[in-house]
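Structure, as structure tokens:
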């Protein structure tokens, strides 16, 4: 049985001392970050990191990023850091930003899947940041989800999946941002976005004249449909710049199923009369939709619909990251009208 720490309504981070001891001794801790919940272990302990892979059912070919708390810790795990990489870290750390750097020998190969590069992130979430500081070691911490399934943004959504494999769980309430960090790799002086998040292309362009998007976009014809962020239900993503067209298409699709569930923006709910609808947030606040999208997908799954039809959003700012996650959740089932 795992130990439990409730930090939803307190700033008494001394409670994290026990969690830090578990990290240092090779155990597994479930904890919140500002992005999503993470499953953490000592990133310098090969056997501890192996427990993460086994608990998640994660492929050992899939590297894990490290959470750090300061520049000294970054420089202990990474080397040959370029001026631009330092500049990006100064701008976006602490925060929902991961940068890929050349690793030092101290980082076990299991963390990087045998590669010479390691992802590092300095979280701004106070629980995650304090946990790293109390532990005194970088924490290997992928998102807390069974591999390929939806990431967890609330304690209740995710703890049941790991209750038999973790040593301690920290309840910090709902995640502030709700989608995973932006991942960037600098190649020949150019930032490449490997995964979109709440740090956007527009923000990165303040530091480099060119930014390259190296992730599969909802507009892409060569999207990798390997399972990821995958609900149990079949899903269709529908988007149009014209609201009326999108609503018409969603209602048309819904008539083809016995028990459809629609994930709708708050403004459009009234257009889906007599249908099962989940409110994902306001069109005017994409940050709200980002916070809600994973929990809404989990909620839809619990209703056991025969189809989940999801309203898309404009691919601008954090909307790019939202559409990236929804496209993966829906596999190839995307309709633009």
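The values are calculated or read from the model by the stated rules, or taken from the named source; none is laboratory data. Please read these numbers as outputs of a predicted model, since none were measured by experiment. Positions of Cβ are backbone-derived with ideal geometry, glycine not excepted, and every protein chain shown enters the neighbour counts.
Yes/no per residue for (1) over 15 Å from the mean Cα position of the chain (by Cα); (2) farther than 13 Å from residue 150 by Cα; (3) not in a loop (DSSP other than H, G, I, E, B):
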| residue | (1), (2), (3) |
| --- | --- |
| 293 | no, no, yes |
| 296 | no, no, yes |
| 309 | yes, yes, yes |
| 319 | no, yes, yes |
| 325 | no, no, yes |
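Of all residues in the stretch 236-245, those that are buried (at least 16 other Cβ atoms within 10 Å of the Cβ) and outside any loop (DSSP other than H, G, I, E, B) total 4.
So that you can scan it fast, the table gives a plain yes or no per residue for (1) outside the structural domain of residue 204 (by TED's automatic domain parsing); (2) touching a strand residue (DSSP E or B) at 6+ places or on another chain (Cβ under 7 Å); (3) at positive phi:
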residue: 80; (1), (2), (3): no, yes, yes
residue: 85; (1), (2), (3): no, yes, no
residue: 95; (1), (2), (3): no, no, yes
residue: 104; (1), (2), (3): no, yes, no
residue: 112; (1), (2), (3): no, yes, no
residue: 129; (1), (2), (3): no, no, no
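Summed over the stretch 196-217, the residues that are touching a helix residue (DSSP H, G or I) at 6+ places or on another chain (Cβ under 9 Å) and in a loop (DSSP other than H, G, I, E, B) give a count of 12. Looking at the stretch 246-272, which of its residues are within 17 Å of residue 334 (Cβ to Cβ) and part of a loop (DSSP other than H, G, I, E, B)? Answer for the stretch 246-272, where residues must be within 17 Å of residue 334 (Cβ to Cβ) and part of a loop (DSSP other than H, G, I, E, B): just 256.
A count restricted to the stretch 90-111 and to residues that are outside any loop (DSSP other than H, G, I, E, B) and surrounded by fewer than 21 Cβ atoms within 10 Å (Cβ to Cβ) stands at 5. Here residue 27 fits the description: over 21 Å from the mean Cα position of the chain (by Cα), crowded, with 20+ Cβ neighbours inside 10 Å and in contact (Cβ under 8 Å) with a residue 60 or more places away in the chain.
Okay, residues lined up against (1) in contact with a helix residue (DSSP H, G or I) (Cβ under 6 Å, 6 or more places away or on another chain); (2) over 30 Å from residue 321 (Cα atoms); (3) not assigned by TED's automatic domain parsing to the domain that holds residue 181:
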position: 15; (1), (2), (3): no, yes, no
position: 21; (1), (2), (3): no, yes, no
position: 25; (1), (2), (3): no, yes, no
position: 28; (1), (2), (3): yes, no, no
position: 34; (1), (2), (3): no, no, no
position: 40; (1), (2), (3): no, no, no
position: 45; (1), (2), (3): no, yes, no
position: 51; (1), (2), (3): no, no, no
position: 58; (1), (2), (3): no, no, no
